[in-house]
Amino acid sequence: DSPVDALMWCVGDNNVCSYETKVGEMFGDGFSEFENDSGKRQFENTRHLMENSGGPLTVLIGLCREAGVEFFPRVRMNSHYLHQAPGSPLYGKFRVEHPELLIGRPGEDIPEGTIDWDIRTGKDFAYAPVRDYMYSIITELFERFDIDGLEMDFNRHPAFFRRAEAYQNRYMMTD
């Protein structure tokens, strides 16, 4: 008897996934040490749910179906948190393995405290591999899970290109 009829749940950040994905990088993969207890618990809880119940997304969808609530995963289309370092489980292997596909290029001297410095760790959607990677994450959510729709969160971190190239590349976001 609640007015709530839908649940939206963020499936991860920096494209480090908090659910049972076969396409994206799962949080904590390849790490034995975590920066804090919260990260360790997140890793352990996700693995526990995968081993015993299919995974967090499967559990949430099942609970929503039982309650008659629609379920919409939220995909953050880009993230460029300043506090995530390349060695962090939250930074993401995609960024580590493909620094040439980021808004800030390797070896580029970007002054700290500028907007360009703030967005430097975001993925640059001018590159097809970035768009393809995000497309594969979204496609998997529709193909593998019983979802009612999906939110593509473009607003959390709204930089998708180098600032000097954003206007000329804007069509790539809707192409």
Open item on the list: Please state the shape class of the stretch 97-165: rounded when a/c is under 1.5, otherwise prolate if a/b exceeds b/c and oblate if not, all from the C-alpha gyration tensor.
Closed with: prolate
TODO: Return one number: the angle in degrees, 0 to 90 and rounded to the nearest 10, between the long axis of the Cα atoms of helix 128-144 and the longest principal axis of the Cα atoms of the chain.
DONE: 0 degrees
- [ ] Determine the share of the stretch 24-76's accessible area contributed by carbon and sulfur atoms, expressed in whole percent, with a 1.4 angstrom probe.
- [x] 47 percent
- [ ] Classify the stretch 18-175 as rounded, prolate or oblate, taking a ≥ b ≥ c as the square roots of the eigenvalues of its Cα gyration tensor: rounded when a/c is under 1.5, otherwise prolate if a/b is larger than b/c and oblate if not.
- [x] oblate
TODO: Sketch the reach of a paramagnetic label on Glu70 as a point 7 Å from Cα along Cα-to-Cβ, and name the residues of the stretch 4-41 whose backbone nitrogen lies under 14 Å away.
DONE: 4-9
Open item on the list: Rounding to the nearest 10 and keeping the result within 0 to 90°, find how far the Cα-based axis of helix 37-53 lies from the longest principal axis of the chain.
Closed with: 50 degrees
- [ ] Output the relative contact order of the stretch 1-118, whole-number percent, from Cα pairs under 8 angstrom with separation of 6+ residues.
- [x] 32 percent
Open item on the list: If you count only protein heavy atoms with a 1.4 Å probe, what accessible area per residue comes out for the chain, rounded to a whole Å²?
Closed with: 56 Å²
Open item on the list: Is there a quick way to get the dipole size of the chain? I mean about its Cα centre, with the Cβ of Lys and Arg at +1 and of Asp and Glu at -1; what is the value in debye to the nearest 20?
Closed with: 300 debye
Task: Value at 222 nm in deg cm²/dmol, rounded to 500, when DSSP H runs of n ≥ 4 in the chain each add -39,500 (n - 2.57) - done: -10000 deg cm²/dmol
- [ ] Report the one residue of Ile110, His80, Gly55 whose Cα lies farthest in the direction of the positive end of the charge dipole of the stretch 1-135 (charges on C-beta: Lys and Arg +1, Asp and Glu -1; origin at the Cα centre).
- [x] Gly55
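The values are calculated or read from the model by the stated rules, or taken from the named source; none is laboratory data. From a predicted model like this one, the values you see are computed outputs, not experimental measurements. Reconstructed Cβ throughout: ideal geometry from the backbone, glycine too, with neighbour counts over all protein chains shown. To get the accessible areas, we keep the full protein, side chains included, count just its heavy atoms, and leave off ligands, DNA and RNA. Shrake-Rupley method; radii C 1.70, N 1.55, O 1.52, S 1.80 Å.
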